[in-house]
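A.B. asks: Please read through the structure below; I'll follow up with questions.
The values are calculated or read from the model by the stated rules, or taken from the named source; none is laboratory data. Remember, it's a predicted structure, so these values are computed and weren't measured experimentally. Positions of Cβ are generated from backbone atoms using ideal geometry, with glycine treated the same way; all protein chains shown enter the neighbour counts. Heads up: the accessible areas ignore ligands, DNA and RNA and are worked out on the full protein's heavy atoms, side chains in. Shrake-Rupley method; radii C 1.70, N 1.55, O 1.52, S 1.80 Å.
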Amino acid sequence: MTQKVQAAVRIAPGTTEMQEFELPPIDDDSALLRVEVAGICGTDVKMYANPPAMIHGRVIMGHENVGVIAQAGRRFKERQGLVEGDRVFVEHYVGCFNCEWCRIGEYRHCEATDWRTNPDGRRFGYTSAENPGTLWGGFSEYMYLPWNAVLHKVPDTVTPELAGLVMPLSNGIEWALLTAGVGYADTVLIQGPGQQGLSQLVAAKTAGASKIFVSGTTRDKHRFELAKELGADEVIDVLTEDPREKIMDLTGGRGVDFVLDCTSRAGTAPVLLGVDVLKRREGTLLIQGELAAFPDFPVKKVTEKAITIKSARGHSYKACELAVEQLASGRFPLEKLATHRYGIDQVDHAIRVLAGETEEDAIHISLMPELIGRAGGAVVR
Ligand SMILES: [Zn+2]
Ligand SMILES: [Zn+2]
């Protein structure tokens, strides 16, 4: 294989350029992935505008990647149990396989491979193209896979675009099920009906929650419809309804067992609402920290209500495997989350769409190398 590879490269904050690369050489321990779909999420919106100072040089972003093993070394195949032609979901975490976290499948906590704790750490979508292997992100026709890439085999019944949902769905499973502990007959408020919120809805529904409410704003009309289709019992528009009153009415004045905050850039309001509408004692609040500070945080009320606060922070190996299984089961019409497709030459536009800077209402966006040079947009099903 001596062809040239097209990739979308972040050359400066908020600036992408298509560049051509040589295919990196593969040894016994590495492989090449032919990328089919690279999903994007809120992290891309942040990292595109404000790249971390410790990551230098050109970066091929794209950290939610699906593709087919195009070429693989002998030991890579032995170690991974994969052969050329296999479709895989690639975690953006890379394992050192030495630390206590990697030993239990919690690659997200590995300090040796995280660029925040190791300047030479490697993670897909966050590693400079100046490093050996060059193709460290999914906004590219091919991606380099080192020996320690963490891969999940995708069954043939799951399309590449559907497999692109492994990341949001694995987060949903991790946060609602494994972290917060939603289970049988629980009542749940999910704030924010984006790809993460809807994924948590599916996880909570599968876990056996008895009542699931999804809150959002007037802009979320289409997402509310989808939430209901996926099993939400009620949706709440926080701009036109009083969410506290409605939730108390819906729970007979009791409040909910769990609040899962999947909002972004909504300030302190979702957390304050969550604290208020949790049941009188021992409720659980799952948060995603966007706020550097929280003035007047209601510590007293949190303590009085004996609220447990948990953090949404990435996903485990197990959550990814469960996400693949959930997608393969076909139990929910999850393909409806994959609303938009673009070529990787439209990365800049796609990130702006996801950030809500356009009129487009996208839930999950698939970036596809095969659409280079073609018009992208909403998927017509
Ligand atoms: Zn992501
Ligand atoms: Zn490790």
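A.B. asks: Counting only protein heavy atoms and using a 1.4 Å probe, what share of the accessible area of the stretch 9-115 belongs to carbon plus sulfur, as a whole percent? Kindly include the intermediate steps, with their values, before the conclusion.
C.D. replies: Values: 2160 of 4510 Å².
In the stretch 9-115, the share of accessible area belonging to carbon and sulfur is 48 percent.
A.B. asks: Roll a 1.4 Å probe over the protein heavy atoms and report the accessible area of LYS279 in Å², nearest 10.
C.D. replies: Estimated to the nearest 10 Å², LYS279 gives 40 Å².
A.B. asks: Moving on. Which lysines have a Cα less than 29 Å from the Cα of LYS211, not counting those fewer than 8 places away in the same chain?
C.D. replies: LYS221, LYS228, LYS246, LYS279, LYS300, LYS301, LYS305, LYS310, LYS318, LYS336
A.B. asks: Using the Karplus curve 6.51 cos²θ - 1.76 cosθ + 1.60 with θ = phi - 60°, work out ³J(HN,Hα) for each residue of the stretch 286-301 in order, rounded to whole Hz, and write x for Gly and Pro.
C.D. replies: Computed from phi, the couplings for the stretch 286-301 are 9, 10, 10, x, 9, 8, 6, 9, 9, x, 6, 4, x, 4, 4, 5 Hz.
A.B. asks: Once Lys and Arg get +1 and Asp and Glu get -1 on their Cβ, which of GLN326, THR358, HIS340 lies farthest toward the positive end of the dipole of the stretch 287-362?
C.D. replies: Farthest along the dipole direction, towards plus: GLN326.
A.B. asks: How large is the dipole of the stretch 171-311 about the Cα centre if only Lys and Arg carry +1 and Asp and Glu carry -1, each at its Cβ, rounded to the nearest 20 debye?
C.D. replies: 240 debye
A.B. asks: Just add up the charged neighbours of THR127: K/R +1, D/E -1, any other residue whose Cβ is under 14 Å from the Cβ of THR127.
C.D. replies: +1
A.B. asks: Suppose every K and R has +1 on its Cβ and every D and E has -1 on its Cβ; what is the size of the dipole of the stretch 120-209 about the Cα centre, in Debye to the nearest 20?
C.D. replies: For the stretch 120-209, the charge dipole is close to 160 debye.
A.B. asks: Alpha carbon centre of the stretch 157-203 versus the stretch 225-303: separation in Å?
C.D. replies: One Cα centre to the other: 17 Å.
A.B. asks: So how strong a dipole does the chain carry about its Cα centre when Lys and Arg Cβ are +1 and Asp and Glu Cβ are -1, to the nearest 20 debye?
C.D. replies: 700 debye
A.B. asks: Check which residues have an amide H placed less than 5 Å from GLU36's amide H, if you skip close sequence neighbours.
C.D. replies: Here VAL66, GLY67, VAL68 satisfy the definition.
A.B. asks: Additional query: How would the chain be classified by its alpha-carbon gyration tensor: rounded, prolate or oblate, with rounded meaning a/c under 1.5 and the a/b versus b/c comparison settling the rest? Don't skip to the answer; put the middle values down first.
C.D. replies: Numbers: a/c = 1.81, a/b = 1.69, b/c = 1.07.
Because a/c hits 1.5 or more and a/b exceeds b/c, the chain counts as prolate.
A.B. asks: Scan around ILE309 for amide H atoms under 5 Å from its own, H built in the peptide plane at 1.01 Å from N, and keep only partners 5 or more places away or cross-chain.
C.D. replies: Amide H to amide H, under 5 Å and 5 or more residues apart or across chains, ILE309 pairs with LEU285.
A.B. asks: Now for a different question. What is the distance, in nm, between label points placed 7 Å from the Cα along the Cα-to-Cβ direction at GLU282 and at THR15?
C.D. replies: 5.7 nm
A.B. asks: Exposed loop GluC sites (Glu not before Pro) only (DSSP loop, at most 15 other Cβ atoms within 10 Å): please give the longest stretch of the chain free of them, not including the sites.
C.D. replies: With a cap of 15 other Cβ atoms within 10 Å, the longest stretch comes to 131-240.
A.B. asks: Give me, ordered by chain and number, the residues 5 or more places off THR339 or on other chains with an amide H under 5 Å from its own placed amide H.
C.D. replies: Under 5 Å from the amide H of THR339: ILE363, HIS364.
A.B. asks: Please calculate the 1.4 Å probe accessible area of TRP101, with all protein chains present, and give it to the nearest 10 Å².
C.D. replies: 90 Å²
A.B. asks: If you don't mind, there's one more thing I want to ask. Determine the shape class of the stretch 342-381: with a ≥ b ≥ c the square roots of the Cα gyration tensor eigenvalues, call it rounded for a/c under 1.5, and otherwise prolate if a/b is greater than b/c, oblate otherwise.
C.D. replies: Here the stretch 342-381 falls in the oblate category.
A.B. asks: Right, next: Would the stretch 171-311 count as rounded, prolate or oblate if I go by the C-alpha gyration tensor, calling it rounded below 1.5 in a/c and otherwise prolate when a/b exceeds b/c, oblate otherwise?
C.D. replies: Details: a/c = 1.30, a/b = 1.19, b/c = 1.09.
Taking the square roots of the gyration eigenvalues as a ≥ b ≥ c, the stretch 171-311 is rounded.
A.B. asks: Oh, and also: Excluding ligands and nucleic acids, what accessible area in Å² is computed for ASP348 using a 1.4 Å probe, to the nearest 10?
C.D. replies: 50 Å²
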